[in-house]
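Structure record follows, encoded as structure tokens.
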Amino acid sequence: MDTIASLFSFITTPVSWVIVQFHSMYGAIFGPDTGWAWGLSIVSLVVLIRICLIPLFVKQIKSTRNMQALQPKMKAIQERYKSDKQRQSEEMMKLYKETGTNPLSSCLPILAQSPFFFALYRVLSSIANGQTIGVINEDLLASARQAHIFGAPLAAKFTDSAEKVASLGASLTDVRIVTAIMIVMMSASQFFTQRQLMMKNVDLSVKTPYMQQQKMLMYIFPLIFAGMGINFPVGVLVYWLTTNVWTMGQQMYVINQNPTPGSKAQDAYLQRLLKSVTHSGEVKGRRRKNIVKVIVAKGSDRNENERRFFVGLSKAGFAAQADGTVIKSDTIVAEAEGGAAARRQQPKRQTKAQRQSSGAQQPVAKDSEEGSEPAADEATPAPSLEKKPQGSATTEAKGEAQGDKPQRGSRANSGGSRQGKSGQGQRKGQQRPKHPSSKK
């Protein structure tokens with residue numbers, strides 16, 4: 001163990017130095033040997049580390065969202081090359097390269113924080129064993145061993161024996177009560193952080209195995225930390241509880257201000273933005289304008305939440321622009337209402353039998369209209385059903401050739417004779433039509 005500690009001395013020395021610097025500041029306020037001075041030093045160490053890890057946290061958010069968006073494509077690759085694992089891995093790496101996604105980015109904050117966690121664990125373990133480490137000398141070691149948080153020493157653990165706890169100037173009952181409460185709070189904060197991520201900040205339109213895995217981790221991670229927590233010193237529990245609370249608050253901010261597209265958090269955010277735009281008549285803030293700009297650029301690829309947001313803007317008389325701003329126009333509401341009225345006035349859909357019956361009645365109606373134009377036709381007697389000689393048709397043809405135009409009434413009469421013949425044919429039964437060259 002000493003060999004491992006010596007290998008990680010490059011990190012334990014800076015961590016111990018940071019703790020001592022914070023302790024000197026808080027010791028001047030609360031006293032150098034109090035648990036507040038040493039406990040707040042550990043909390044300040046966590047805050048400093050997490051501030052430095054904010055860029056990695058941003059990469060983690062982007063990687064997590066990219067992984068969620070790529071899940072359908074990854075599933076298709078797995079099904080297509082399920083018998084060829086090598087080709088499957090190649091296609092996966094190609095997909096990651098094309099989209100610029102790094103699967104390890106989602107684990108970067110935890111991986112980057114692990115060395116500091118190990119260094120703090122080594123520092124507190126050395127304090128519990130009465131050993132100096134890093135920049136902590138004999139005087140600081142004695143002060144740290146006297147520091148208690150709610151009656152529990154910083155270096156005490158839940159599994160310590162009564163003799164070891166007594167050597168630190170505390171009772172076993174106090175140590176176990178304090179450590180048990182801190183373990184429960186640590187596990188609960190871990191569970192709530194994962195739960196708000198799954199319930200509010202996940203794209204619900206994409207159902208993938210990744211979501212099922214995250215749900216399983218939501219219940220597994222708190223149990224893992226609870227099992228590990230009984231072997232952590234009180235100071236390490238303070239460190240881990242503080243980093244969980246920080247993560248939870250940081251994630252709540254991201255969910256409220258930059259939610260995942262397609263999630264419930266995005267719907268709530270866009271509704272708040274719509275209310276603000278409707279009240280003030282403009283998009284306030286550069287970040288909000290960037291969000292509206294991105295949604296406008298999506299075009300037809302907008303999700304349901306974004307389409308609902310644009311419909312709300314149209315009803316309020318606003319139109320989003322490409323630069324993220326909005327303009328107010330009364331014509332937008334009029335066009336929306338006119339389009340709705342036009343949609344309501346569309347004719348009803350007819351059945352096939354109705355279309356056939358209307359098509360059969362159309363030529364008859366046309367002939368009746370043509371026959372009703374001249375007033376003289378109203379007094380024209382009903383046409384005869386007798387067969388006309390062929391010569392009459394020839395005479396009419398000659399008359400037309402000489403420029404004598406027939407009256408429209410004759411056309412109506414001829415139409416009436418055709419209808420009469422057709423009616424006579426229907427009464428006598430269906431007959432075979434005669435050839436035009438026939439003399440009979």
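Observations, loosely collected:
- Highest mean packing first, where packing is the average number of other Cβ atoms within 10 Å per residue, the peptides 39-45, 182-188 line up as 39-45, 182-188.
- Radius of gyration over Kirkwood radius for region 75-186, both on Cα atoms: the Rg/Rh ratio is 1.32.
- Full extension of the chain segment joining residue 357 with residue 139 gains 67.8 nm, where the gain is 0.36 nm per residue of separation less the Cα-Cα distance.
- Per-residue extension of 0.36 nm, minus the Cα-Cα distance of residue 323 and residue 293, leaves a gain of 10.2 nm for this segment.
- Applying a threshold of 25 Å to the alpha-carbon distances of 94/289; 62/298; 97/200; 62/85; 59/82; 215/293 flags 94/289; 97/200; 62/85; 59/82; 215/293 as lying beyond it.
- Loop-resident trypsin sites (Lys or Arg not before Pro) (DSSP state other than H, G, I, E or B) in region 243-298 with no more than 13 further Cβ atoms inside 10 Å of their Cβ: 284.
- Of 246, 38, the sequence from fewest to most neighbouring Cβ atoms within 10 angstrom is 246, 38.
- At R0 = 41 Å, FRET efficiency that the Cβ-Cβ distance of residue 97 and residue 314 yields, to 0.05: 0.50
- Figure legend: label point modelled 7 angstrom from the Cα of residue 62 along Cα→Cβ; residues of region 83-103 with amide N under 17 Å from it are 96-103.
- Once the chain from residue 54 to residue 78 is taken as fully extended at 0.36 nm per residue, the excess over their C-alpha distance is 5.3 nm.
Taken together, the values in this text are just the output of simple stated rules run on the coordinates, not laboratory data. None of these values were measured; they are calculated from a predicted model. Here Cβ is always computed from backbone atoms with ideal geometry, including for glycine, and neighbour counts include all displayed protein chains.
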